[in-house]
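The values are calculated or read from the model by the stated rules, or taken from the named source; none is laboratory data. Everything numeric here is computed off the predicted structure, so don't read it as measured data. Note: ideal-geometry Cβ built from the backbone for every residue, glycine included; neighbour counts use all protein chains shown. Ligands, DNA and RNA are stripped out before the accessible areas are found, and what is left, the full protein with its side chains, is counted by its heavy atoms. Shrake-Rupley method; radii C 1.70, N 1.55, O 1.52, S 1.80 Å.
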Amino acid sequence: AVPRTRILATGGASHNKKILQVLSDVFNAPVYTIDTANSACLGSAYRAIHGLAAETNVSLADVVKLAPEPRLAVTPTAGAEEV
């Protein structure tokens, strides 16, 4: 089974629940945040590590295994997909 879509929000706006709720409602998906300083840089850092390890056939999933676990911030408002 394919996992449901989820959104990972980072940066300053990720602290604003109203913005996260709009994202969740528009995309009809739960929004998660990571409680890490400079979390917006994490994606590029993990891709860089993955690129450096490319010769060893390490998957990106293996590279991010030790990443901080995202925390559920908001879920879609019931009926929002109708709008």
_Among the candidates Val63, Val83, Val74, residue that is of a type in the set (Val, Ile, Thr) and over 20 Å from the mean Cα position of the chain (by Cα)_ = Val83
*Those residues that are open to solvent by 80 Å² or more (accessible area, probe 1.4 Å), of a type in the set (A, V, I, L, M, F, W, C) and either in contact with a Ser or Thr (Cβ under 8 Å, 6 or more places away or on another chain) or modelled with pLDDT under 90 (or both), I need them from segment 6-40; list them, please.*
Leu8, Phe27, Ala37
_Anything in segment 45-76 that is among the hydroxyl-bearing types (Ser, Thr, Tyr), open to solvent by 70 Å² or more (accessible area, probe 1.4 Å) and under 18 Å from Ile7 (Cβ atoms)? List them, or say none._
Thr75
*asked:* List the residue pairs whose Cβ atoms are under 6 Å apart, where the first residue sits in segment 8-24 and is touching a residue at least 60 places away in the same chain (Cβ under 8 Å), the second is assigned to a helix (DSSP H, G or I), and the two are 6 or more positions apart or on different chains.
replied: Ala9/Leu20
*Can you tell me which residues in segment 24-60 are assigned to a helix (DSSP H, G or I), touching a helix residue (DSSP H, G or I) at 6+ places or on another chain (Cβ under 9 Å) and not acidic (Asp, Glu)?*
Ser24, Val26, Ser39, Ala40, Tyr46, Arg47, Ile49, His50, Leu60
